[in-house]
Amino acid sequence: MVLKYFRKALDIEKNRSKLNNALLFEICTHVGAGYEAVGKNSMALNSYKTGLKYGFKMKNQNFSRMSTVQGAIQRCTNRENQATTKNTTK
C-alpha cells in the first residue's frame, strides 16, 4: 500500500515544471526500501539507482544519506548475484 502512494508521489514530482532533486531522491530511495522489504531486489535496485542519480543533481548533497543508499545498492546487488548463483547451480 505504501509503495502505491510513493509511486504516485514520484509520478507527480516528475511531471512538475521544475524538478526538486532532493525530494525525488528521497521518494526514489523510499520506494527502493519498500521493494527491498518485500524481497523485490531488482526493483529496489532500480529505484535506488534512480534516486542516486537525483542525489548527485542536488545543490546541497547529503553525502551521509547518499552513502547509505550506495550501501543499499550493494546489498541488493549481492542478493541478486546470490539468487542468480542459486538458480544456475540447480
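Figures for the structure shown
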read-out	value
Matching residues in the stretch 47-75 - criterion: being free of Cβ contacts under 8 Å to residues at least 12 places away in the same chain and either hydrophobic (A, V, I, L, M, F, W, C) or within 18 Å of Arg7 (Cβ to Cβ) (or both)	Lys53, Phe56, Phe63
Which listed residue is part of a helix (DSSP H, G or I), without any contact (Cβ under 8 Å) to a residue 60 or more places away in the chain and in contact with an Asp or Glu (Cβ under 8 Å, 6 or more places away or on another chain), from Leu19, Leu23, Leu3	Leu23
Within the stretch 33-80, tally of residues that are outside any helix (DSSP H, G or I) and of a type in the set (A, V, I, L, M)	2
Candidate set from the stretch 1-48 (those that are among the hydroxyl-bearing types (Ser, Thr, Tyr) and surrounded by fewer than 17 Cβ atoms within 10 Å (Cβ to Cβ)); member that is nearest to Ala72 (Cα to Cα)	Ser42
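Rule-based calculations on the coordinates, nothing more; no lab input. Computed from a predicted model, the values in this text were never measured in an experiment. We place every Cβ from the backbone using ideal geometry, glycine too, and count neighbours over all the protein chains shown.
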